[in-house]
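Peer 1: Below: one structure in structure tokens.
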Amino acid sequence: MTKTAGQQRVTKAAVPLVPAPPPAGGRRRRRLADQARAYAFLLGGLVCFALFSWYPAIRAVVIAFQKYTPGSHPQWAGTANFTRVLHDPEFGAAWRNTLTFTLLALLAGFAIPFLLALVLGELRHAKAFFRVVVYLPVMIPPVVSALLWKWFYDPGAGLANETLRFLHLPTSNWSNGTGTALISLVIVATWANMGGTVLIYLAALQSIPGELYEAAELDGANLLQRVRHVTVPQTRFVILMLMLLQIIATMQVFTEPFVITGGGPENATVTVLYLIYKYAFLYNDFGGACALSVMLLVLLGAFSALYLRLTRTEGDTA
């Protein structure tokens, strides 16, 4: 039985038109073009890293084994730079001050931001305002912040001693005293850098399920018990990661001793990074400066490897 013209038109209209797949060569060219654009965007960042991070680091390792001063031809010195730096009386003082500063800054940099995050998490009003207030020191340039605290610590007309005199309390030498200078710098570093840490802790606290606190309250746990048995275990990974990052950052302290104390008094605040600066720009000994830099690089590289291992382990278990 033959179909009428109308039936043929209906049949043709009912058949969906499937576009022909593009040829394999076209797909391959499109994929290569997308990859080329992606690498073109990465090229600028890679060039910047190569010129301003990787090349100086590799060059510093090479100079660490050379006798090098600006304007002279480098000469191979082997491990002589390392030997000379290790026998420098300032070497032991710099490492002792750096490790002491790191320990004190780690304790203060964990306890104070964590407590502030707990308080901010419990606020019911003006949360945004207090978060801005806590983060404000981070937005101040480090040198400006150090200069403000240098005036604050001035033993004569500084705000700290003026406040103590107003309260009829004994004054202090602050950054000018051998026993108080390093602690004074720890206070400055903690104040200037705790804002970001507080916000990270606050984000970690807000990710804790509220049911855990409700269950603890039903079991009769008080505030300290809830913090100990709920808050700290739930944020232990964030705490560990921030502690490792704080160790890496505080062992590179330079701005505070350079601006506020100049390494004094009596080398009480000379740190490893400040000693590197002295070798390079005061002693004109770039070989010794790079040798000391390599020592610091090895130590910080170990902490960085531990940080990357822990983050990778946590990512695999998540």
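Peer 1: Of L115, L51, which residue is open to solvent by 60 Å² or more (accessible area, probe 1.4 Å), hydrophobic (A, V, I, L, M, F, W, C) and more than 30 Å from W191 (Cα to Cα)?
Peer 2: From the options L115, L51, the qualifying one is L51.
Peer 1: Looking at (1) without any contact (Cβ under 8 Å) to a residue 40 or more places away in the chain; (2) open to solvent by 30 Å² or more (accessible area, probe 1.4 Å), which one does V230 not meet, given that it meets all the others?
Peer 2: With respect to (1) without any contact (Cβ under 8 Å) to a residue 40 or more places away in the chain; (2) open to solvent by 30 Å² or more (accessible area, probe 1.4 Å), V230 is out only on (2).
Peer 1: Which ones in region 90-122 are among the charged types (D, E, K, R) and at pLDDT 90 or above?
Peer 2: E90, R96
Peer 1: Okay, next question. Tell me, please, whether a residue that is of a type in the set (A, V, I, L, M, F, W, C), open to solvent by 70 Å² or more (accessible area, probe 1.4 Å), in contact with a Gly (Cβ under 8 Å, 6 or more places away or on another chain) and within 14 Å of L199 (Cβ to Cβ) can be found in region 128-136.
Peer 2: Yes: one or more hits.
Listed here are the residues, each with its yes/no results for (1) more than 30 Å from G288 (Cβ to Cβ); (2) touching a residue at least 24 places away in the same chain (Cβ under 8 Å); (3) of a type outside the set (D, E).
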{"site": "V47", "(1), (2), (3)": "yes, no, yes"}
{"site": "K67", "(1), (2), (3)": "no, yes, yes"}
{"site": "P74", "(1), (2), (3)": "no, no, yes"}
{"site": "T79", "(1), (2), (3)": "no, no, yes"}
{"site": "L116", "(1), (2), (3)": "yes, yes, yes"}
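Peer 1: If you don't mind, there's one more thing I want to ask. Which residue, of W149, W191, is within 23 Å of P113 (Cα to Cα) and in contact with a Pro (Cβ under 6 Å, 6 or more places away or on another chain)?
Peer 2: Of the residues listed, the single one that is within 23 Å of P113 (Cα to Cα) and in contact with a Pro (Cβ under 6 Å, 6 or more places away or on another chain) is W191.
Peer 1: Same structure again: Please report, ordered by residue number, the helices (runs of 4 or more DSSP H) entirely within region 231-318 with at least 2 residues that are over 24 Å from T190 (Cβ atoms) and under 23 Å from the mean Cα position of the chain (by Cα).
Peer 2: In region 231-318, 286-317 are the helices (runs of 4 or more DSSP H) which contain 2 or more residues that are over 24 Å from T190 (Cβ atoms) and under 23 Å from the mean Cα position of the chain (by Cα).
Peer 1: Which one is modelled with the highest pLDDT, of the residues in region 56-76 that are touching a Gly at 6+ places or on another chain (Cβ under 9 Å), open to solvent by 30 Å² or more (accessible area, probe 1.4 Å) and in a loop (DSSP other than H, G, I, E, B)?
Peer 2: Within region 56-76, the match that is modelled with the highest pLDDT is F65.
Peer 1: If L310 passes every condition in (1) over 30 Å from A215 (Cβ atoms); (2) open to solvent by 30 Å² or more (accessible area, probe 1.4 Å) but one, which one does it miss?
Peer 2: Unmet condition: (1).
Peer 1: So, in region 214-226, of the ones that are open to solvent by 30 Å² or more (accessible area, probe 1.4 Å) and assigned to a helix (DSSP H, G or I), which residue ends up nearest to T313 (Cα to Cα)?
Peer 2: R226
Peer 1: State whether the residues of region 149-168 include one that is surrounded by 15 or more Cβ atoms within 10 Å (Cβ to Cβ), aliphatic (A, V, I, L, M) and in contact with a helix residue (DSSP H, G or I) (Cβ under 9 Å, 6 or more places away or on another chain).
Peer 2: Among the residues of region 149-168, at least one is surrounded by 15 or more Cβ atoms within 10 Å (Cβ to Cβ), aliphatic (A, V, I, L, M) and in contact with a helix residue (DSSP H, G or I) (Cβ under 9 Å, 6 or more places away or on another chain), which makes the answer yes.
The values are calculated or read from the model by the stated rules, or taken from the named source; none is laboratory data. Model, not experiment: these values are computed from the prediction. Ideal geometry is used to build each Cβ from the backbone, glycine not excepted, and the neighbour counts take in all protein chains shown. For accessibility, only protein heavy atoms count, side chains too; no ligands or nucleic acids. Shrake-Rupley method; radii C 1.70, N 1.55, O 1.52, S 1.80 Å.
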